[in-house]
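The structure appears right after this line, and notes come after that.
The values are calculated or read from the model by the stated rules, or taken from the named source; none is laboratory data. These numbers were taken from a predicted model, which means no experiment stands behind them. Reconstructed Cβ throughout: ideal geometry from the backbone, glycine too, with neighbour counts over all protein chains shown.
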Amino acid sequence: MEVTGLARKRWSRVVVALFVALLASLTFAGGAVVHADEVGTDEYDFVFSGNVKFDGEPLEDVLIKVEGNGYSAEVVTDAEGKWKIGVPEKAEYTVTLDESTLPEGVIVTEEGGATKKAEFGLTSNKTVNFFIGEGVRTTTSFLDQFIGRAFNGLSFGLLLALAAIGLSLIFGTTGLNNFAHAEMVTFGALAALTLAVDFAWPLWIALIGAVVLSGAFGWTLDAAIWKPLRRKGVGLIPMMIVSIGLSLAVRYTYQYFYGGSTRQLPGADGADIKFGPVSLSPVDMIGMGISVVVLLAVAFFLLRTRIGKATRAVSDNPSLAAASGIDVDRVIRIVWVIGGALAGLSGILFAFYRPGVSWDMGFQILLLIFAAVTLGGLGTAFGALVGSLVVGFFIEISTLWIPSDMKFVGALVILILVLLVRPQGILGRKERIG
Amino acid sequence: MSSEAKPTRGAPVKSTNLHIGEIKPGVAKVDPIIVADNVTRTFGGLTAVDVEHVEVPRNAITALIGPNGAGKTTLFNLLTGFDKPDTGSWVFDGTALAGIPSFKVSRMGQVRTFQLTKALNLLSVLDNMKLGAKGQKGENMFRALLPWTWRAQEEQIEAKAIELLSRFKLDTKAEDYAASLSGGQRKLLEMARALMSDPQLVMLDEPMAGVNPALTQSLLDHILDLKTQGMTVLFVEHDMQMVRHIADWVIVMAEGKIVAEGPPEAVMANPAVIDAYLGSHHDQDLGATEEENVVAMKELLDADDES
Amino acid sequence: MVDFWQIIQNAAIELISPTTAAYALAALGLAIHFGYTGLINFGQAGFMAIGAYGYAISTLTLGFPVWASVLVGIGASVVFALILGIPTLRLRADYLAIVTIAAAEILRLIFTTNTLEAVTGSADGLSGYKGGFAALNPIPPGNYGFGPFEYNAYDWFLRIVAWTIVIIAALLAWQLMRSPWGRVIKGIREDEDAVRALGKNVYFYKMQSLILGGVFGTLGGMIFILPRAVVPANYATTLTFFIYTILLLGGAATILGPIIGSMIFWVLLSAVSGFVARAQAAGWFPGMSSVQAGQTRFIIVGIVLMLLVIFRPQGIFGNKKELAFVK
Ligand SMILES: Nc1ncnc2c1ncn2[C@@H]1O[C@H](COP(=O)(O)OP(=O)(O)OP(=O)(O)O)[C@@H](O)[C@H]1O
Ligand SMILES: [Mg+2]
């Protein structure tokens, strides 16, 4: 890195860059892509590399993206057309060449198009090259891209909603901001992995088993930790900090037993089916279908069943609910079981969406779940649904304008902006004073 | 302030001739300290406050009464800037207050207490009191680092706090955490704390609720004492005996509106007030609140008998 | 065999290490936020990151001298506190928690993104900014000290500067908390509406507290990078949670608590993970790999945090009665 000599000249550029960084945190104006030909190669041992040439001539400033296993990185080629991207794991990734950054009249002439799956062989290096030739680019129109992303966003939003509603119900009935909810999400995916891969159960049975185990996990957490703490009269903020400690301990316990790598659930690599601009794998479609059905079931439970109504009553006013003969402890127990099962299901769907199962996958989306719940208004289950869809959509659609490694930034900024305008969240209520 | 206030056991001296013209809701006052117009506040579909016009007389004790949920606390919140009205304007001591934040309202000399007492639990009783004083130099972050600039003022404040505490019989508790006080003592502390700022208008939200009868008498004396010191008191109270005993003027709210006004005896005989307490549909709605209302009603009628 | 003497020596080193000082400062800042004012700031890692990047970027990219780089860091931290505080300090406490944690993550993502690689070094971070600081060192070159505390001139200079800043910050906080300003701050922690009713501009005081504690965190962030490089992954949410553990260990509403808490935390963490690593190598824990041995420290921190909050919420130095958060 050059230092002082150029300092003065670069002054203005840096000020601009810093300003852009600040702005990017406030608005969605993305910064210009800064020149770089190697990314993450110091940090990670596994490296994809390649050389982009057309007619023997190197092409500079072509954007390459690597995505997979919850990791994503991008780089632009240097003057020799070379690029390198380090990745954390020896696993399969998708490598994409952004055709819009190729010179006019030049396209990727390969059969599979500008996106490839790549895997490491025996070594920790893998070369990925694209055949490039003359041709007319079949650009995806902005609208089509938008629709495609929106579908992804919907799918992600729905799986977020499953986790967010559980979190919101727990918050509503007990007042706890449960940071360990992330670990409940991870639990579902890990349980599915263990049953489906390690025990080699048939996938469907394994997944149902994993959801049941997740519910049992929720029940256990309540019975072993939260109920005794409520009995002891521990305040809400200390409880929240206990959940942080629990989250740390459980997360690293997962890592202890499952290691740091990402593993796949069976069926995660189904081929995509095209519906106009939208390409979905059967797994995606089934996942969205399940999300919708489960969300409807939760709505039915809350609105129509006795115990669901009791749950809403407890959320509204616990002491009044207790006084009117509702068994508050029982309601809370049920909420933990439901919350656990929903979080587990969300984890399983997330494992197919990313795709991959890893020890900290829940923690990666914890903030998004919180953002969804807060956006909708703390403690309102339907608010959590709305918030999740907003967050899901927003994250995917924002990648049309901002680099994909910053896509979570947009959602978090939206959270802050909404709180500015509507502090009680989209569907929340104001509190009374005095 | 050498108020060796002899407990004014007998009938307190009432201020009279506070209003101008015929007594009706919203009647003009000779010397109003608060004048409010068209103040409304709704929560969803519920209109909690809908006050067309009201004036609070200066240097008098005014009681604000009305059944549960009448909007008394909400009106307090609005007048003190703790809540924002949908519409309306009001003037305190010649200054328009709409849109002024609560802390500024308090600095202007309009200090309130809360229905649910807000003692600062993990501060000592003395610190609670000192916090009430206005214009403290040491409350500036930079000055705070230079103790010699505020130490003298701090000593004055402490002396004043101790004096007030002894008037409220809390001086023996000065060093204890406020958390250790009983419910009634907290009410006293909150009132004493409000007085630390030498306010012009003290607004007390149910100062007697939960206070035992022995303490009630001394609280009443304190309130009367405030008037003799030139302050104005506006208080919310459900106990009609008390209202009749100390209030110079009574304002009655029901369903957000001012339904009656006047000197205590006149108001208590007013059929509109009895109606308000029983609710207009009293034959349809039975239950706990009804019982409470019946008690209030009895008190009203008792009051009538005595006068 | 497990070399206990070595474990103890390694642990003792942590007692005065710059990292301990950095965490102590950040925890002191958090004590002002959480312990005294009742602000649940979950973004202390963000304030530390601003210190680290503010200093490193000013030095590397802008070529600023040490004092100017420090000022840039502090200035950026004040701006960050304002951006965080303006929307959230009017809201309920738990909203602040979520917004601060989100803001700290936003910062980390911005520091990690390739888009700004030229300035931030992306995921690889920054290094090579220590020259200016080392040049200020008045201590003649050579090794000094005894036993485990033997360092070269740079390391001693770094330790002296770090702990001097900690002591100054502690004295500052101590004086503030016993002044009328501190009384308002503590009152806000107890019930902000009550303090408002007494004519104090609560919003303004909360902002001052947020800025002050944030600047302490930022200074901690600068000390943190002097013995190592700036790496964005260090500023994840887990950092904030470690600082909370330190704060609660010492006592949330105390001045000495965060400092002694940081010392105890690092000494114990070093001792425990040193022991587990060596015992694993000696074959005491069959079935545990060396990687797994390294992960046990996080599990232990998590469990300690839970147990502390449940069984000794006032920390080591806290007055049993003056709990920051009995509600
Ligand atoms: N923050 C709020 N959100 C929704 N409704 C509210 C809120 N605050 C007050 N209300 C409603 O406004 C009405 C008036 O309430 P308020 O507290 O002013 O009554 P009050 O006259 O003080 O009653 P009480 O004598 O019981 O204290 C009530 O129906 C109450 O439910
Ligand atoms: Mg009331």
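Here are the numbers for this structure:
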read-out: Listing of helices (runs of 4 or more DSSP H) fully contained in segment B:116-178 that carry 2 or more residues being under 27 Å from the mean Cα position of the chain (by Cα); value: B:125-131, B:151-167
read-out: Subset tally (residues that are free of Cβ contacts under 8 Å to residues at least 40 places away in the same chain and within 16 Å of ligand 2 (Cβ to nearest atom)) for segment B:26-48; value: 2
read-out: Those helices (runs of 4 or more DSSP H) lying entirely in segment C:144-240 with at least 3 residues within 8 Å of another protein chain (Cβ to nearest Cβ) and closer than 22 Å to C:LEU256 by Cβ; value: C:153-177, C:180-190
read-out: Condition check for B:THR74: near ligand 1 (Cβ under 9 Å from one of its atoms) and of a type outside the set (A, V, I, L, M, F, W, C); value: yes
read-out: Residue within segment B:22-37 that is of a type in the set (D, E, K, R), modelled with pLDDT of 90 or more and within 16 Å of ligand 1 (Cβ to nearest atom) present; value: no
read-out: Which listed residue, of C:TYR95, C:TYR55, is touching a residue at least 40 places away in the same chain (Cβ under 8 Å) and not basic (Lys, Arg); value: C:TYR55
read-out: Condition broken by C:GLN44, with the remaining ones in (1) within 12 Å of chain A (Cβ to nearest Cβ); (2) closer than 30 Å to C:ARG183 by Cα satisfied; value: (1)
read-out: Residue list for segment B:89-114, filter: more than 15 Å from B:PRO199 (Cα to Cα), more than 15 Å from ligand 1 (Cβ to nearest atom) and either in contact (Cβ under 8 Å) with a residue 24 or more places away in the chain or crowded, with 20+ Cβ neighbours inside 10 Å (or both); value: B:SER89, B:TRP90, B:VAL91, B:LEU97
read-out: Output for segment A:317-375, where each listed residue is acidic (Asp, Glu) and either crowded, with 22+ Cβ neighbours inside 10 Å or in contact (Cβ under 8 Å) with a residue 24 or more places away in the chain (or both); value: A:ASP329, A:ASP360
read-out: B:PRO199, sole failed condition from (1) outside any helix (DSSP H, G or I); (2) within 16 Å of ligand 2 (Cβ to nearest atom); value: (2)
read-out: Selection status of B:VAL211, away from chain C (no Cβ under 14 Å) and touching a Lys or Arg at 6+ places or on another chain (Cβ under 6 Å); value: yes
read-out: Among (1) aliphatic (A, V, I, L, M); (2) within 16 Å of ligand 1 (Cβ to nearest atom); (3) not assigned by TED's automatic domain parsing to the domain that holds B:LEU234, the one test that B:VAL125 misses; value: (2)
read-out: Test: residue in segment B:52-61 that is near ligand 1 (Cβ under 9 Å from one of its atoms) and either among the aliphatic types (A, V, I, L, M) or surrounded by 24 or more Cβ atoms within 10 Å (Cβ to Cβ) (or both); value: no
read-out: Strands (runs of 3 or more DSSP E) completely within segment B:215-307 that count 1 or more residues being modelled with pLDDT of 55 or more, small (Gly, Ala, Ser) and within 19 Å of B:ASN17 (Cα to Cα); value: B:257-262
read-out: Output for segment C:41-71, where each listed residue is outside any helix (DSSP H, G or I) and either among the small types (Gly, Ala, Ser) or surrounded by fewer than 24 Cβ atoms within 10 Å (Cβ to Cβ) (or both); value: C:GLY43, C:LEU62, C:GLY63, C:PHE64, C:PRO65
read-out: Checking A:TYR256 against (1) outside any loop (DSSP other than H, G, I, E, B); (2) in contact (Cβ under 8 Å) with a residue 12 or more places away in the chain, the condition it does not meet; value: (2)
read-out: Condition met for B:LEU79 (surrounded by 21 or more Cβ atoms within 10 Å (Cβ to Cβ) and either within 15 Å of ligand 1 (Cβ to nearest atom) or outside the structural domain of B:ALA266 (by TED's automatic domain parsing) (or both)); value: yes
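Condition check ((1) surrounded by fewer than 22 Cβ atoms within 10 Å (Cβ to Cβ); (2) more than 29 Å from A:LEU366 (Cα to Cα); (3) over 24 Å from the mean Cα position of the chain (by Cα)) across all residues:
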position: C:ARG178; (1), (2), (3): yes, yes, no
position: C:LYS186; (1), (2), (3): no, yes, no
position: C:ASP193; (1), (2), (3): yes, yes, yes
position: C:SER209; (1), (2), (3): no, no, no
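Every residue, every condition in (1) within 9 Å of another protein chain (Cβ to nearest Cβ); (2) within 16 Å of ligand 2 (Cβ to nearest atom); (3) farther than 16 Å from C:ASN201 by Cβ; (4) not hydroxyl-bearing (Ser, Thr, Tyr), yes or no:
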position: B:MET108; (1), (2), (3), (4): yes, no, no, yes
position: B:ASN121; (1), (2), (3), (4): yes, no, yes, yes
position: B:ASP127; (1), (2), (3), (4): yes, no, yes, yes
position: B:GLY132; (1), (2), (3), (4): yes, no, no, yes
position: B:ALA152; (1), (2), (3), (4): no, no, yes, yes
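Listed here are the residues, each with its yes/no results for (1) away from every other protein chain (no Cβ under 14 Å); (2) in contact with a helix residue (DSSP H, G or I) (Cβ under 8 Å, 6 or more places away or on another chain); (3) away from ligand 2 (no atom under 16 Å from the Cβ); (4) in a strand (DSSP E or B).
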position: B:GLY21; (1), (2), (3), (4): yes, no, yes, no
position: B:LYS24; (1), (2), (3), (4): yes, no, yes, no
position: B:ASP50; (1), (2), (3), (4): yes, no, yes, yes
position: B:VAL56; (1), (2), (3), (4): yes, no, yes, yes
position: B:ALA70; (1), (2), (3), (4): yes, yes, no, no
position: B:SER89; (1), (2), (3), (4): yes, no, yes, yes
